[in-house]
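The values are calculated or read from the model by the stated rules, or taken from the named source; none is laboratory data. Predicted, not measured: the structure shown is a model, and the values here were computed from it. Positions of Cβ are backbone-derived with ideal geometry, glycine not excepted, and every protein chain shown enters the neighbour counts.
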Protein chains: 2
Amino acid sequence: MLVRISTNEMKENLEDIIQSIYLLPQQVLEDVLGHFQYLEYPKNYFLLKSGKPCKHLWFMITGAVRYFYTNDQGKEMNTWFSLDEQILTDTTSFVKQEPAQESIQLLEESEMYSIEYAALQALLQKHHPFALWYIKLVESHYVSQIEDRIADLQFLDAKERYQKILSKYPNITNRVSLGNIASYLNITQETLSRIRAGKL
Amino acid sequence: MLVRISTNEMKENLEDIIQSIYLLPQQVLEDVLGHFQYLEYPKNYFLLKSGKPCKHLWFMITGAVRYFYTNDQGKEMNTWFSLDEQILTDTTSFVKQEPAQESIQLLEESEMYSIEYAALQALLQKHHPFALWYIKLVESHYVSQIEDRIADLQFLDAKERYQKILSKYPNITNRVSLGNIASYLNITQETLSRIRAGKL
DNA sequence: GAATGCTTTTGACGTAGAACAAAAAGGGAT
DNA sequence: ATCCCTTTTTGTTCTACGTCAAAAGCATTC
């Protein structure tokens, strides 16, 4: 499923998000916006399958996705959730254009804008302000989120990590199954069920 | 301790490292090199203390450092080691210029080049190619390393993580104490000692 | 509303690694 | 060599969480 909407309607949402990262001159902004596409995808759709290079950077407007690895025993292990207004990509695969080790799957029907790797690279070369914009994006999106996550994994136990994701996404339990959350927390669903029941 | 060496001597090492990230036009390169400083610090020196904003990006030439948090109980917990030719900074603190949550301490006498945050920002605004250079730096240094680390923490047990750091830094056991490595692996030194002895 | 298939909960038991304690093994200095 | 101080190893006990198994809850569909 893929729906295009009018350029005007599209611009409003996306423009705000882009300008909130780093203000671009009007002329650069126009050029940039022209390279984004509006898309709607159904529940369970794969934005990215492991083994393929990640060719897009997505700006999700509404929806929910999970990132996951498949381990040697074939078990899927969630590494991340993003709900609603978030920037999505497999950073490692995207920046190197190498096969991704993880997959990105929708947990709900979702709407988003996307830009292709090649278009992004061309814009970086063409517009100095866009390069500065992208630096801000990488710094704020990739880096800060990810470093937080390391500290969590290293210092918090299962219960604390559960509380933390609940405070980040208070309604996550209504949108993501217990099994998926347990996988993200790297505990079994039985253990998460007991944490939830207050037995741990 | 702080030693300045001649501009010529300095340039050679640093220039290679910089150009290996992304090739800069000669004129931009000169401007950039002029903003780096050569430094030597003694063992146990703190490049960064938690609570202070991280004002520098360091290019270590030789030496060894640990990154660590201090938890609520006052226990120091290592999050990372860098040995020899590595780029060092507390990314989160550096990009936001906010107080750092972690500290960076030398484990050996070390030599490095550094550039200040303000100088870096000015160069990014001034030179489009330097902005492209910095994007490469962030993508390769910050992002790839960090994402690997998450996968390790999430999917590998203590023994596997130990083997992995050994394969990254084969001689790490000669340069970093067992206690420091155990803290990085998030296990006790007793457990690491047993892993080393093959009893686990 | 019975049947079918997911998701979540509960129970019993096993285990990796923590915590605590104490012994052993290395270095330097004198 | 001897003393002192740090680092590493060994032994014992304890606990959070995993594993396996089964039951309960909740939707869909016929």
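Looking only at residues in segment A:175-196 that are closer than 11 Å to A:LYS159 by Cβ and within 14 Å of another protein chain (Cβ to nearest Cβ), which one is farthest from DNA strand D (Cβ to nearest atom)?
Across segment A:175-196, the extreme among qualifying residues is A:LEU185.
If A:TYR169 satisfies every condition in (1) away from DNA strand D (no atom under 16 Å from the Cβ); (2) at pLDDT 90 or above; (3) of a type in the set (Ser, Thr, Tyr) but one, which is the exception?
Only one criterion is unmet by A:TYR169, namely (2).
A quick yes/no check of all residues on (1) more than 16 Å from DNA strand C (Cβ to nearest atom); (2) surrounded by 15 or more Cβ atoms within 10 Å (Cβ to Cβ); (3) hydrophobic (A, V, I, L, M, F, W, C):
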{"residue": "B:ILE146", "(1), (2), (3)": "yes, yes, yes"}
{"residue": "B:ARG149", "(1), (2), (3)": "yes, yes, no"}
{"residue": "B:ASP152", "(1), (2), (3)": "no, yes, no"}
{"residue": "B:PHE155", "(1), (2), (3)": "no, yes, yes"}
{"residue": "B:ARG161", "(1), (2), (3)": "no, yes, no"}
{"residue": "B:PRO170", "(1), (2), (3)": "yes, no, no"}
{"residue": "B:LEU178", "(1), (2), (3)": "no, no, yes"}
{"residue": "B:ASN186", "(1), (2), (3)": "no, yes, no"}
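Do the conditions hold for B:ALA131, that is, is it part of a helix (DSSP H, G or I), more than 30 Å from A:GLN97 (Cβ to Cβ) and either more than 14 Å from DNA strand D (Cβ to nearest atom) or more than 16 Å from the chain's Cα centre (by Cα) (or both)?
Details: part of a helix (DSSP H, G or I): yes; more than 30 Å from A:GLN97 (Cβ to Cβ): no; either more than 14 Å from DNA strand D (Cβ to nearest atom) or more than 16 Å from the chain's Cα centre (by Cα) (or both): yes.
No, not satisfied.
Please go through segment A:123-134 and pick out each residue that is closer than 22 Å to A:LEU47 by Cβ and touching a residue at least 40 places away in the same chain (Cβ under 8 Å).
Passing the criteria: only A:LEU123.
If you scan segment B:136-145, which residues turn out to be hydrophobic (A, V, I, L, M, F, W, C) and free of Cβ contacts under 8 Å to residues at least 24 places away in the same chain?
Narrowing segment B:136-145 to residues hydrophobic (A, V, I, L, M, F, W, C): B:137-138, B:143.
Across segment B:136-145, the qualifying residues are B:VAL138, B:VAL143.
Look at segment A:147-157 and say how many of its residues are more than 7 Å from chain B (Cβ to nearest Cβ), in contact with a Lys or Arg (Cβ under 8 Å, 6 or more places away or on another chain) and in a helix (DSSP H, G or I).
Residues flagged as more than 7 Å from chain B (Cβ to nearest Cβ), in contact with a Lys or Arg (Cβ under 8 Å, 6 or more places away or on another chain) and in a helix (DSSP H, G or I) within segment A:147-157 amount to 1.
Determine whether A:TYR113 is more than 14 Å from every other protein chain (Cβ to nearest Cβ), within 29 Å of A:TYR22 (Cα to Cα) and within 16 Å of DNA strand C (Cβ to nearest atom). Walk me through it before giving the result.
Details: more than 14 Å from every other protein chain (Cβ to nearest Cβ): yes; within 29 Å of A:TYR22 (Cα to Cα): yes; within 16 Å of DNA strand C (Cβ to nearest atom): no.
So A:TYR113 fails the test.
Tally time: how many residues in segment B:44-91 are within 11 Å of chain A (Cβ to nearest Cβ), under 13 Å from the mean Cα position of the chain (by Cα) and outside any loop (DSSP other than H, G, I, E, B)?
Qualifying residue count for the region: 6.
Residue by residue, here is whether (1) assigned to a helix (DSSP H, G or I); (2) under 28 Å from A:LEU137 (Cβ atoms); (3) within 16 Å of DNA strand D (Cβ to nearest atom); (4) in contact with a helix residue (DSSP H, G or I) (Cβ under 8 Å, 6 or more places away or on another chain) holds:
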{"residue": "B:MET112", "(1), (2), (3), (4)": "no, no, no, no"}
{"residue": "B:LYS136", "(1), (2), (3), (4)": "yes, yes, no, yes"}
{"residue": "B:GLN145", "(1), (2), (3), (4)": "yes, yes, no, no"}
{"residue": "B:LYS159", "(1), (2), (3), (4)": "yes, no, yes, yes"}
{"residue": "B:TYR162", "(1), (2), (3), (4)": "yes, no, yes, yes"}
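If B:LYS199 meets every condition in (1) of a type outside the set (Ser, Thr, Tyr); (2) surrounded by 14 or more Cβ atoms within 10 Å (Cβ to Cβ); (3) within 16 Å of DNA strand D (Cβ to nearest atom) apart from one, which number is that one?
Tallying (1) of a type outside the set (Ser, Thr, Tyr); (2) surrounded by 14 or more Cβ atoms within 10 Å (Cβ to Cβ); (3) within 16 Å of DNA strand D (Cβ to nearest atom), B:LYS199 fails exactly one: (2).
Quick test for you: out of A:GLU116, A:GLU108, pick the one residue that is over 20 Å from A:ILE146 (Cβ atoms) and in contact with a His (Cβ under 9 Å, 6 or more places away or on another chain). Don't jump to the end; show me each part of the working.
Working: A:GLU108 fails: in contact with a His (Cβ under 9 Å, 6 or more places away or on another chain).
One residue alone meets the criteria, A:GLU116.
Could you please tell me which pairs satisfy a Cβ distance under 9 Å, a separation of 6+ or placement on different chains, a first residue in segment A:147-173 that is touching a residue at least 60 places away in the same chain (Cβ under 8 Å), and a second residue that is in a helix (DSSP H, G or I) and among the hydroxyl-bearing types (Ser, Thr, Tyr)?
A:ILE165/A:TYR184
Which residue is nearest to DNA strand C (Cβ to nearest atom), if the candidates are limited to segment A:188-198 and must be in contact (Cβ under 8 Å) with a residue 12 or more places away in the chain and not small (Gly, Ala, Ser)?
A:ARG196
Residues of segment A:124-144 being farther than 22 Å from A:GLU85 by Cβ and either surrounded by fewer than 17 Cβ atoms within 10 Å (Cβ to Cβ) or more than 11 Å from chain B (Cβ to nearest Cβ) (or both), which ones?
A:GLN125, A:LYS126, listed by residue number.
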